[in-house]
Every structure is written in structure tokens, then in C-alpha cells.
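The values are calculated or read from the model by the stated rules, or taken from the named source; none is laboratory data. What you see is a predicted model; the values in this text were computed from it and never measured. Counting neighbours? That spans all protein chains shown, and the Cβs are built from the backbone with ideal geometry, glycine included.
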Amino acid sequence: MAQTQLTSVEPTTTSHATPRHPRPAGRAWVASAAGPGLSAVLSLLVAVQSLRLWDWRPGVPLSLSGDSPQVLMQVRAIMEGGGFGSTDRMGAPFGLNAAWFATGDQLNFAAIRVIGLFTDSPATASAVFFVAGYPAAALAAYWLARQVGIARPAAVTVGVLFSALPGHQRWFQHLWLSAYWVLPLGVWLALQVATGRSVWPARRALRAGTAGRRRAWLHVARTVAIALAVGLSDAYYVAFVLILVGVALVVRWATDRTLRSLLPGVAAAALVGVSCAVSLAFAVVARSGDVVTSDVPAQRTIGESERYAGRLIDLLLPWSEHRLPPLRFITTAYGYAAPPTAERHALGVVSVCGLVVLVLVLLRSVTGGRRPDQVVGALAAFALVSLAFYTRGGLGSVVALFVTPQIRTWARLGTVIALLALLAVGLWMTRVARRRTAAWALAAGVLLVGCLDQTNPGAAPDYARLSATSAQLKGYSAHLAAATSAPCAVFQLPVTPYPEEPGFGQMGDYDHVLPGVAAPSTLTWSYGAIRGTASADWQLALPVDRMAALVPDLRAAGFCAVEVDHRGYVGAADPSDGLASLLGAPLAQTDRLVAFDLATERPDATPPTPPTRDDVLRPVLAGLDSARLQRDDRGRPFQLLGPTATLTVSNLGDTPVPVTLTFSVRTLSGAEDVLVATGLPGAPLRSPISGVDQPVRLEVTAPPGSTKIELASTAEPVDVGGGVASALQLTDLRASSTAGVNVASTQQFFAASPVPSR
């Protein structure tokens, strides 16, 4: 492959016999701005046609499904001066502390605050942010392409196609990830390190003459700005860039063999990492005030790195929403034959060609001993490592096992792979079309094919439906606010853990957020406190299966209204009729939501001894949080355990509480054994167990905070399917107390209640 330099180049169109006359300064500036301007305009046009923005109106969100409700509430919280999603509008009465799911998107949050100066609508602000991501990505990719020596027509192609990757038009529910314009900046850092180009100026340049010193300090400013932009973006993109820079350092070491040559790259990576770490450190501090009721509130698990990784075939198949039905059918049919991954990042035909080129470069280098051009070789190395992290069972799983499972969706590396592949295409276009006319003709053809392949106006948002739903929700919340005294906290049924927990019945994951997105500021909502903390888990002790007992508890906790989402219930389990008999006619309702006034009550419905606020908000909880909850054929909740398990008893109050725990346990192998419980006062409790359910009773005085009870046996694990081995089945965990407080067994209590199945 022809030698390609890491400096901007212009394809020469005049012969050597004809001298090129220098352009006037004004014309030179216009010429240099033409490429970026064209990239931005074309990418914006792609966004307009793929999203059908002529049908959009301010105040209408681009989506209300998936994570979109949560995104809209995050945007509202940021516009109102809160941090990343932290707000008093959710998680009543304690509020939502989103620091448990912190990310480093400070740059994106700042952009939302700026947009918020011109609108008070979260839907409008988030839509503007999302659409602005198209030209931002195009400009960043164009700049990177020019830096690696790609001619202007090809650079425009790279920029526009990168801004309109397959699926980008559907990424509103991942709003912060849609701002992937920082990735070209990170790839530039990695390429500078891998090829030995200047990341920082030489120290002597900083002490040179006036002009040289100015250029050197501008060089420093550029590198610092790029590193900070990456470090203050989404944590996923920070991780991806650090991986690429790590690969670049290995390449540099293999080329130079001196530690000194690695220092510039290490310094750049450190600046990226430290800026992200400082941002996340504030979140760690913000968590300190929460009382933790489980070992890992909102923690991700090792196995999720497998579930959210990608497959190589996903990159090669057409986008699942492709505009051509035959191509769309191929991906759909394959999805039926082999269950699709959680996030499928198709590359598109142009990027697939670029990836093939990079793979061939690697193969030729290994088999033929032909050393590729520095830039192309670095791109190929980056692509190979990115694929190794991207795929199931790859390096991403290694990171989850030995470093952290918090970076779990390795399939998102598909965006990085697409950028590397497009750069390879741009380098090829620069090589084969050296004359200006041919270069622009080739660019137009590749752009046309790529844009038609990567976008589909048929997959644009249904603005009429979104507008109607938004208007209905806004009217419902306004009616509810007008019918209650301010401020008013609304308790939402069914109780659903937050975040990343599937909704009950036919509810979406974050449907409980929808009423609050455009609600008046006088209303707050119970849903949204972080599971695994006292701010959320107090709800697990509520008698959600008995409305006559639930209503006094909600009054005592300070709620003024109770809301029911009909779609969260199945048949007779819907509590609306029971609430209506207790509380009278609804205050407000839609086809799926109904709200009742907790201030109204029948005299005969008042308990003789009403609960206090502390009774409701400071219960004792018990549970096995590490094991997946299931039901047996009798509808009883159970969890499969290893030969050992930890039972956590969390007292959210200030004084010790006597608690009785009961459950049934059996060995899955059918053998007789002994269950030993330690962590209780006195000697360990020993209970005989066998292949049939054996009742176990534990007495514990729970002090404030968490108490760990270790359960151990010598039972042999057996295969329970899916390659998983367990030894014990613990069924129907219950808790009771004579101390006059609410007590519940975490999760199992809820599964046993006649609340809807998932």
C-alpha cells in the first residue's frame, strides 16, 4: 500500500510543468472550510431525512420506549440544576441519587445546560442534542481523516458516513452514547502514539522564539483539550480510547524498544483517565449518605459481559431496520435462527469493505512478511484488538472477571470498529482517485451507497403517536396536580425496582417515569430510588397485596395520592377496584393510568393503631440478593444456591429489632445433609436437610445496619441447565416480628404476593 503520512494532504490536480500559484488568504480560508462545512451540512441533511424531522415539533420527544423515559428525566434534572439524573422528582420521599450509576458525561451535561438556556422542555432539549450529534460526529471524523492524510473528498465521505452509522437514528434512548463524536479524537491520540508522531511538543520548542513558542503551546492546548474532551465523555468511550492507546503503546514499544518513547502516550492516557476518575470520584462521595441494604446496589455482574457482547456476524449482516426488505429479512431470519445479541451494531456495506481491507493487511503482514504503512498497520492492529474485546467470550469477559464488570456492553465497540474501517476506505479512495474530478465523483458514489444502506426514513419516530401520548401524559399530570395540594408525592403501583429491572406485566422498563417527565414541579413520584439502598428498599416491606393495609402505610409515609398502571397487572390482580372502594372516585386517569386521593378515607377503613412514618420507612428486610428469583409449580418463590450462601438482614431503623426468619430448603441432589447457619448469637444452628423441603426457623435480633448470616452445607452441586450448577433450593423466605414494624423478605416476599408476573 502506498505510504500515507499523518499530515493533511491535498491531491494535486495540476501538472508539474505548471506552477501552482499561492491562493489569496481569503480564498485559502474558504477552501479549508469547505470540507468541514460540507461534511456538517450533508450529515445534517442525512439526519433530517432519516428522522423525518419535517414532521417533528418542539416539545415532542423522539422516543418514549426503552430507556427514553429515563433519558428525558435525566435531561430534566440536568436542566433544573441537578447532577447526572439526581432529582427529588423521583424516588419519593428520599429522591433519586443517580451517583450509584454514575458516568463521566460532564461534557454532554454541560451541552444540555447550554441548550436549556433556550427551552424549558426536556423533549426539545434532548432532541436538539441528539440531532446536533450528527454534524459533531461528521466534523470530528473529517478532521481525523485529514490528519491521517485522507484527501478532502474522501474525508467528507468518512465524516458523513461515520455520523450516520446504522442504527444511529434509533439511539435516542442511549442519548449520551449517541454523542460519539469524541471517538475520532481518541483515535487520533492512539494513532499519534502508535506511529511515533508528536503528542506533545519538545521542551525546547516551548522555549523557542515567539512564533515557535506560540505554536508549541497551541500544540499543548490541542492535546489537553482532546484528552479532556474524551475523559469527560461517556465512560464507555473513555474505556475504549484507553484500550486503543494501550495497544498503541505496545506497538510503539515493539517499534522503538525504549521506555522514553512511551512517556508521551502514557501522559496523554493519564490525562484522559484522571479527568474521568475525578468526575466519577464526585459520584462516589455522593453515595456516602445512602444506607446500603445489599452488597452491591445496582451492581452489574460478570455474566452480563457475555450477554451484552457482540457477534462478528452482527457486524457483517445488514442493519435490522434496513430500508430494503430483502436485506432486512436476512437479518430478521438470522435473528430467529440464533437469538440476537442485546445491541446489534451493524457496520454497513462501506465499513464492511474497509474492515476486510484491514484484515487483509494483517494477513499479508503475517503470512507475507510485508510491513504495512504505519497508519494502516496501526488501524489494523486497533481493529483486531477491538474485535477481540467486542465478541462474546473475548477480552471483554476477561476484564469483567479480573478488573470490573461495570463496562459490560462491549458490543458498543462496533462504533470504534466502524470508524477504523471507514478510515481504511478513505485511505483507499485517496490512493485510487488522485484527480479532483474523479475524487469527488467517487466520493459522491460511495456517499450515496453508504447513506442509502445505513439509514431508513421508514424507521423514523412516529411523531403523531408520540405527540398524542405526550399530550395525554401532560394533561394527566396537570389534572392530578390541580386536584391535590402542593407539594404532593404520588406512590406508584406496581412497585418496581430501579434501574435496569424489567417492568411487570406489559410495562416497559421505565414506564413509571413517563408521568413525571412533563409534570408540574409540585408533583414527585415514588419510583426511581436506587435498588439496594434504603431509599428504595423500604417499599419491599409494604403490604402490596392488601390495599386496606397499604393505604394507611402510604398516608403515614407522606404520600398524597396513589397511582396504578393497569398494564402492570394481570386480570384480578389489578388493585384499582380495591382502591376505589377505599378512596372513592379517581382524581385523574388515562387509558392505562389511574390516580386516587389518599386524603379521602372511609371511617371504617382507619386502623385502630395507625402506623407511624418510621414504621413504614424504616423496616427490617431480609433476602438473598445474589441469587436469581424463580417460582415453583405452586407459585412459591425460590432461589437456587451453591452449597453456601449469605442471608442479609438489613435494619433500616435506629434500634435493634427481633426478627424471625422462616424458609424451606432442600438439596437438589436428593441426598441428606446438614444446613449450618452462622452469624447468629450463640453456637451455629444446625438443621437436617434432604431432597424434600425441610422447614428452617432462625431467630435474630437485627441491629441497625446489615447483619450477615452464612448458610453452609456439603451438598453436591448438580447441573440445573445452561451450564449452571447449584446445590440447594431455598423456598418462600419470610420474616416476621412482634416489634410493631413492617418486615419483609427482599424479593421473595414480592414474588409471593398476588402482584403481576413479569
Looking across segment 328-354 at residues that are within 14 Å of Val449 (Cα to Cα) and of a type in the set (A, V, I, L, M, F, W, C), the single one that is farthest from the chain's Cα centre (by Cα) is Cys353
- request: Kindly establish whether Ala277 is hydrophobic (A, V, I, L, M, F, W, C), in a helix (DSSP H, G or I) and at pLDDT 85 or above.
  value: yes
Being among the hydroxyl-bearing types (Ser, Thr, Tyr) and part of a loop (DSSP other than H, G, I, E, B) narrows Thr496, Thr469 down to just Thr496
Check your understanding: Yes or no: Pro520 surrounded by fewer than 21 Cβ atoms within 10 Å (Cβ to Cβ), at pLDDT 90 or above and not β-branched (Val, Ile, Thr)?
Key -> yes
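Is there a residue in segment 201-209 that is within 26 Å of Glu321 (Cα to Cα) and not in a helix (DSSP H, G or I)?
Checked segment 201-209: no residue is within 26 Å of Glu321 (Cα to Cα) and not in a helix (DSSP H, G or I).
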If we keep only residues of segment 527-555 that are in a loop (DSSP other than H, G, I, E, B) and under 22 Å from the mean Cα position of the chain (by Cα), then the residue surrounded by the most Cβ atoms within 10 Å (Cβ to Cβ) is Gly528
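Is it the case, given these coordinates, that Leu315 is over 30 Å from Thr195 (Cα atoms), within 23 Å of the chain's Cα centre (by Cα) and not in a loop (DSSP other than H, G, I, E, B)?
Judged against the criteria, Leu315 is not a match.
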In segment 727-737, anything closer than 12 Å to Leu668 by Cα and either part of a loop (DSSP other than H, G, I, E, B) or of a type in the set (A, V, I, L, M) (or both) is listed as Ala727, Leu728, Leu730
Residues of segment 21-46 being more than 26 Å from Leu448 (Cβ to Cβ) and either modelled with pLDDT of 95 or more or of a type outside the set (D, E, K, R) (or both), in sequence order, are His21, Pro22, Pro24, Ala25, Gly26, Ala28, Trp29
Given the conditions (1) more than 30 Å from Leu413 (Cβ to Cβ); (2) surrounded by fewer than 19 Cβ atoms within 10 Å (Cβ to Cβ); (3) aliphatic (A, V, I, L, M), every one holds for Ala216 apart from (2)
When segment 667-699 is checked residue by residue, the ones that are within 22 Å of Glu716 (Cβ to Cβ), part of a loop (DSSP other than H, G, I, E, B), touching a Lys or Arg at 6+ places or on another chain (Cβ under 7 Å) and not polar (S, T, N, Q) are Gly691, Val692, Asp693
All conditions in (1) at negative phi; (2) within 27 Å of the chain's Cα centre (by Cα) are true of Gly393 except (1)
Of the residues in segment 156-171, those that are among the aliphatic types (A, V, I, L, M) and in a loop (DSSP other than H, G, I, E, B) come to Ala164, Leu165
When restricted to Arg465, Arg567, the only residue over 30 Å from Gly705 (Cα atoms) and touching a Lys or Arg at 6+ places or on another chain (Cβ under 6 Å) is Arg567
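Looking at segment 577-593 only, could you name the residues that are among the polar types (S, T, N, Q) and either buried (at least 20 other Cβ atoms within 10 Å of the Cβ) or in contact (Cβ under 8 Å) with a residue 60 or more places away in the chain (or both)? Walk me through it before giving the result.
Filtering segment 577-593 down to residues among the polar types (S, T, N, Q) leaves 581, 589-590.
Within segment 577-593, Gln589, Thr590 qualify.
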Given the conditions (1) within 23 Å of Val425 (Cβ to Cβ); (2) exposed (fewer than 14 other Cβ atoms within 10 Å of the Cβ), every one holds for Ala337 apart from (1)
Going through (1) under 21 Å from Gln472 (Cβ atoms); (2) touching a residue at least 40 places away in the same chain (Cβ under 8 Å); (3) not hydroxyl-bearing (Ser, Thr, Tyr) one by one, His566 fails only at (2)
Those residues of segment 700-726 which are of a type in the set (S, T, N, Q) and either outside any strand (DSSP E or B) or not assigned by TED's automatic domain parsing to the domain that holds Leu641 (or both) amount to Ser713, Thr714
Among residues of segment 553-576 being closer than 16 Å to Thr590 by Cα and charged (D, E, K, R), the residue modelled with the lowest pLDDT is Asp574
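For the structure I just gave you, tell me whether Phe382 is surrounded by 16 or more Cβ atoms within 10 Å (Cβ to Cβ), more than 27 Å from Val449 (Cβ to Cβ), hydrophobic (A, V, I, L, M, F, W, C) and in contact with a helix residue (DSSP H, G or I) (Cβ under 6 Å, 6 or more places away or on another chain).
Considered against the rule, which asks whether it is surrounded by 16 or more Cβ atoms within 10 Å (Cβ to Cβ), more than 27 Å from Val449 (Cβ to Cβ), hydrophobic (A, V, I, L, M, F, W, C) and in contact with a helix residue (DSSP H, G or I) (Cβ under 6 Å, 6 or more places away or on another chain), Phe382 comes out as no.
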query = Within segment 649-668, is there a residue that is farther than 13 Å from Val741 by Cβ, over 40 Å from the mean Cα position of the chain (by Cα) and either among the hydrophobic types (A, V, I, L, M, F, W, C) or assigned by TED's automatic domain parsing to the domain that holds Ala739 (or both)?
reply = no
Restricted to segment 32-41 and to residues being buried (at least 18 other Cβ atoms within 10 Å of the Cβ) and over 13 Å from Trp440 (Cβ atoms), the residue farthest from the chain's Cα centre (by Cα) is Pro36
Scanning segment 399-416 residue by residue, those buried (at least 20 other Cβ atoms within 10 Å of the Cβ), of a type outside the set (Ser, Thr, Tyr) and outside any helix (DSSP H, G or I) turn out to be Ile407, Arg408
